[in-house]
Amino acid sequence: MAKYALIGNPNVGKTSLYNRLTHSFEHVGNWHGVTVDKVGSKIKADKDIELCDLPGLYSLTVYSKEEEITRDEVINGNYDLFIYVCDAANLHRCLYLFLQLCELKVPVMIVVNMLDELQKSGKSLDEKLLSDRLGVPVIALSANKGFDCERFLSIAASASEQKRALPYLNKLPLRQVGDIIGSDSVYMQIKALEGDEYVLGKLGVESRKLKKFGDNALVAKVRYEYIDKALDGVVVEREKESKARRVAGKFDVIALNKFLALPVFVLIMSGIFWVTFGFIGKFLTDLLESGKDLLMHASGQAMLKVGLPKWMIGLVCEGIIDGVGGVLVFLPQIVILFFFLALLEDSGYISRVAFMTDGFFGKIGLSGRAVFTMIMGFGCSATAVLTSRGLEDDTMRKKTAVLTPFISCSARLPVYTAVLGSFFAHGSVPIIIGLYLLGCVVVIACAAIMNGTKRLKSGEASFIMEMPPYRIPTFARVMQIILHNIKAFLVKVGTIVFSLSIIVWVLSNFSLRYGYIGMGSGESIMEKLGAVLAPLFAPLGFGNWKAVTALISGLMAKEVVISTLTSLGGAGEVPGNSLAAICFSVYTLLYVPCVATLGAVKKEAGTKWMLFGLIMQLTVAYIAALSVRMVGLAFIEGPLNGIVMLAFVVILFLSVWTIRSFTGRRCKGCIKCGGCV
């Protein structure tokens with residue numbers, strides 16, 4: 001079986017090409033760091049091919065964990081061919097890494113991707129001329145538009161290591177460097193000259209011994225001189241730049257403005273949430289809700305006529321149809337949300353948000369790259385946490401992993417809609433938007449507090465990002481994202497939600513002593529268990545066994561919260577009143593997302609950080625819900641509660657200040673504590 005690997009800079013369309021060739025659904029996005037681990041799949045062609053998609057990088061001198069994966073695969077992976085993917089609009093920059101592959105003497109071919117983007121800018125590419133000059137096969141295509149897969153695989157199958165002349169090597173003192181490091185490998189000699197710490201560490205050579213021969217700047221200079229000559233006349237101007245390009249450039253005046261960028265982003269996201277939860281989303285959800293109610297009523301009547309026992313009718317109607325259907329009715333809103341997120345991801349706008357927020361995030365110990373992870377959190381927390389691997393600073397990466405779950409994922413969406421909709425109807429939309437904003441504010445506040453302590457302070461992180469052009473997402477790509485997420489949602493509903501709905505209903509309607517007793521008797525298994533924890537939530541306004549049961553079941557998947565509430569009497573009945581509904585929603589937003597997210601945090605940050613994040617999420621959720629309740633009571637019941645609320649806020653502030661004092665800066669000149677830090 002032939003073994004191929006896709007490699008190239010970030011954001012050149014490697015994963016889009018991989019999905020097209022393997023018919024896969026790996027996540028793609030118009031920004032750096034979407035692929036954080038290698039993925040592989042088999043292709044059935046004239047001969048079987050194992051194709052791997054490697055994380056993007058700019059050089060084999062690496063600075064982050066996902067770049068280390070690619071470097072190690074290049075050096076030790078034993079691939080039959082590296083398919084080097086370039087951006088047609090940025091060949092000059094892309095070919096820098098290609099030359100390093102040539103220096104390593106690995107078999108390689110070039111795919112010039114995004115040819116349609118080049119043509120829209122009024123230019124054309126002479127792929128034969130480029131192939132002749134570089135000495136490797138070159139094929140130009142647009143991965144997201146479709147291409148001739150058979151021709152592509154045919155060229156790949158015929159590609160092999162060729163005699164590629166690299167005349168710029170004669171301008172480097174490689175022989176002298178080789179004598180010092182004791183290696184005749186051109187790759188090792190150049191990396192040593194560049195001062196690559198990884199290579200020098202393996203060789204046991206100090207970089208100072210090589211300083212007199214040159215450095216990274218010398219290597220870059222001769223490489224780019226060669227690239228300039230190779231690209232001369234390859235890209236030709238043919239037409240004027242398209243009108244769409246000019247309009248996009250004008251939009252950047254707003255998108256990249258330091259004063260307008262963040263407000264514009266907030267307005268865009270608020271508009272998306274308004275459409276998702278407002279008239280359109282609610283109308284579609286109400287239609288499915290009506291269908292669910294009709295099905296439940298018809299099923300109940302049919303089973304009564306047959307003479308089935310009461311407990312079986314309750315299990316089917318309340319436990320299964322109402323429980324599972326209570327989640328399914330929110331599928332339209334989830335589809336709408338993912339539709340808009342797909343547009344933002346593929347358009348290139350998210351990269352501009354990251355660029356403009358990098359300075360602010362740097363002040364609280366994160367970086368612009370953390371924005372990518374946070375925005376992915378609006379879709380799925382577990383998937384988003386895995387993308388934190390792209391952050392080079394170890395502490396920053398771990399903090400991003402434990403803070404991302406505060407961002408409201410799509411699984412929490414049904415809970416807000418059902419619980420708040422029971423009390424506020426159309427007025428719930430501003431509250432739901434407020435919940436999404438609250439999650440972002442909590443992330444910023446926690447990051448700032450953590451960065452103020454010595455142990456959790458992040459190091460300096462570089463944020464090098466190429467600004468991608470604006471692109472209009474293709475219909476096929478958007479539908480691929482939507483259908484993939486619908487499938488994932490339905491699989492979760494058909495497995496986890498279905499199973500837990502039955503379990504919760506049975507435990508809530510059966511007693512170990514009396515068998516089936518129905519709900520509300522106080523003797524069911526779940527009522528007994530829930531009553532133990534219920535007093536803990538009484539200060540939050542929802543101290544009853546039903547709410548506790550829903551929150552506990554939500555640890556498996558947040559969709560189960562709403563199915564549990566529905567099967568236990570309704571999302572409106574459990575909280576009890578409008579203020580309790582808001583507090584319940586706030587707690588749902590901020591407490592532990594699901595076991596899958598905890599597993600992702602453990603994988604990326606370790607067990608200690610996972611436990612730290614778990615405790616922090618439970619604590620922050622409780623404090624936030626309690627604060628909201630106290631504010632609500634202050635407005636409802638009078639000034640006394642306002643005074644209590646103010647005292648609570650003061651105590652909370654003093655507690656945070658005390659914790660920061662003990663873990664951060666210490667007194668000057670104190671011998672016992674080791675002096676000022």
Quiz item: Which one is surrounded by the fewest Cβ atoms within 10 Å (Cβ to Cβ), of the residues in the stretch 179-205 that are closer than 17 Å to VAL74 by Cβ and touching a residue at least 24 places away in the same chain (Cβ under 8 Å)?
Solution: TYR198
Exercise. Exactly one condition in (1) surrounded by fewer than 20 Cβ atoms within 10 Å (Cβ to Cβ); (2) part of a helix (DSSP H, G or I); (3) among the charged types (D, E, K, R) is not met by GLU50; state its number.
Key: (2)
Quiz item: If we keep just the residues of the stretch 607-621 that are touching a residue at least 12 places away in the same chain (Cβ under 8 Å) and not small (Gly, Ala, Ser), which is surrounded by the fewest Cβ atoms within 10 Å (Cβ to Cβ)?
Solution: LEU618
Exercise. Considering only the stretch 496-515, state which residues are surrounded by fewer than 17 Cβ atoms within 10 Å (Cβ to Cβ) and modelled with pLDDT under 85.
Key: LEU512, ARG513, TYR514, GLY515
Exercise. Output the residue which, of all residues in the stretch 214-247 that are at pLDDT below 80 and over 35 Å from the mean Cα position of the chain (by Cα), is nearest to ALA89 (Cα to Cα).
Key: GLU237
Quiz item: So which of GLY569, GLY638 is closer than 30 Å to MET526 by Cα, modelled with pLDDT under 90, surrounded by fewer than 17 Cβ atoms within 10 Å (Cβ to Cβ) and of a type outside the set (Asp, Glu)?
Solution: GLY569
Quiz item: What pairs can you find where one residue is in the stretch 137-154 and crowded, with 20+ Cβ neighbours inside 10 Å, the other is acidic (Asp, Glu) and in a loop (DSSP other than H, G, I, E, B), and their Cβ atoms are less than 9 Å apart, with a gap of 6+ or different chains?
Solution: LEU141/ASP148
Quiz item: Got a number for residues in the stretch 578-606 being free of Cβ contacts under 8 Å to residues at least 24 places away in the same chain, touching a Leu at 6+ places or on another chain (Cβ under 8 Å) and more than 28 Å from ASN544 (Cβ to Cβ)?
Solution: 0
Practice problem: Any residue in the stretch 213-229 that's closer than 17 Å to GLN189 by Cβ and in the same structural domain as ASN90 (by TED's automatic domain parsing): show its pairings with residues that are exposed (fewer than 15 other Cβ atoms within 10 Å of the Cβ) and at pLDDT 90 or above at Cβ separation under 9 Å, as long as the two are six or more apart or on different chains. | Solution: none
Self-check item: ALA342 vs. criteria assigned to a helix (DSSP H, G or I), of a type in the set (A, V, I, L, M) and in contact (Cβ under 8 Å) with a residue 60 or more places away in the chain
Solution: yes
Practice problem: Look through the stretch 295-321, keep the residues that are at pLDDT 85 or above and charged (D, E, K, R), and return whichever of them is nearest to TRP274 (Cα to Cα). | Solution: LYS310
Practice problem: Report the residue count in the stretch 62-87 for those that are among the hydroxyl-bearing types (Ser, Thr, Tyr), outside any strand (DSSP E or B) and under 27 Å from the mean Cα position of the chain (by Cα). | Solution: 3
Quiz item: What are the pairs, 6+ residues apart or on separate chains, where a residue within the stretch 408-422 that is in the same structural domain as PHE330 (by TED's automatic domain parsing) and closer than 22 Å to GLY576 by Cβ has its Cβ under 7 Å from a residue that is buried (at least 24 other Cβ atoms within 10 Å of the Cβ) and among the charged types (D, E, K, R)?
Solution: ARG412/LYS558; PRO414/GLU559; VAL415/LYS558
Practice problem: Among the numbered conditions (1) hydroxyl-bearing (Ser, Thr, Tyr); (2) touching a helix residue (DSSP H, G or I) at 6+ places or on another chain (Cβ under 7 Å); (3) within 18 Å of LEU60 (Cβ to Cβ), tell me where TYR79 comes up short. | Solution: (2)
Quiz prompt | Tally of residues being surrounded by fewer than 24 Cβ atoms within 10 Å (Cβ to Cβ) and closer than 23 Å to VAL561 by Cβ across the stretch 379-401 | solution = 4
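Here is a yes/no grid of residues against (1) in the same structural domain as SER59 (by TED's automatic domain parsing); (2) in a helix (DSSP H, G or I); (3) in contact with a Leu (Cβ under 8 Å, 6 or more places away or on another chain):
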| position | (1), (2), (3) |
| --- | --- |
| LEU118 | yes, yes, yes |
| LEU129 | yes, yes, no |
| LYS145 | yes, no, no |
| GLY178 | no, yes, no |
| GLN189 | no, yes, yes |
| LEU200 | no, yes, no |
| ARG208 | no, yes, no |
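The values are calculated or read from the model by the stated rules, or taken from the named source; none is laboratory data. This one's a predicted model, so the numbers in the text were calculated from it and none came from an experiment. Neighbour counts run over all protein chains shown; Cβ positions are idealised from the backbone, glycine included.
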